[in-house]
């Protein structure tokens, strides 16, 4: 699943402004002013808000699923692998329970959610 927040104009603006801040081309106050102005003049649509909330709900559910099915040691190892640049698809495919990768993992997760 893609993080919808990474694809929003507000995030793109924030990243660009923080790059200028790091280079010393802009003050913190100016960054904050421009972000506030943008957010005030470009309110999120209901569709965007729903997509963002759904993303976080799914993320939390997947985390809980992995914690319950794979355990704390896996979560620690997964975090380290993500930190070192491995993709979630690679990590999932490496699990013996999901040799077919993400589609198989997604089926198991959906069944877990439906079982409640």
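Descriptive notes on the structure:
- Filter result for residue 80 (out of contact with any helix residue (DSSP H, G or I) (no Cβ under 8 Å at 6 or more places or on another chain), over 27 Å from residue 8 (Cβ atoms) and surrounded by 13 or more Cβ atoms within 10 Å (Cβ to Cβ)): no
Rundown of residues vs (1) in contact with a helix residue (DSSP H, G or I) (Cβ under 8 Å, 6 or more places away or on another chain); (2) at pLDDT 75 or above; (3) under 26 Å from residue 102 (Cα atoms), yes/no style:
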{"position": "7", "(1), (2), (3)": "no, no, yes"}
{"position": "22", "(1), (2), (3)": "no, no, no"}
{"position": "59", "(1), (2), (3)": "no, yes, yes"}
{"position": "76", "(1), (2), (3)": "no, yes, yes"}
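- Considering 105, 74, 38, 65, the condition of being free of Cβ contacts under 8 Å to residues at least 60 places away in the same chain, out of contact with any strand residue (DSSP E or B) (no Cβ under 6 Å at 6 or more places or on another chain), surrounded by 13 or more Cβ atoms within 10 Å (Cβ to Cβ) and closer than 26 Å to residue 8 by Cβ is satisfied by 38 alone.
The values are calculated or read from the model by the stated rules, or taken from the named source; none is laboratory data. Just so it is clear, the structure is predicted and the values come from calculations on it, not from any experiment. Virtual Cβ from ideal backbone geometry, glycine too; neighbours counted across all protein chains shown.
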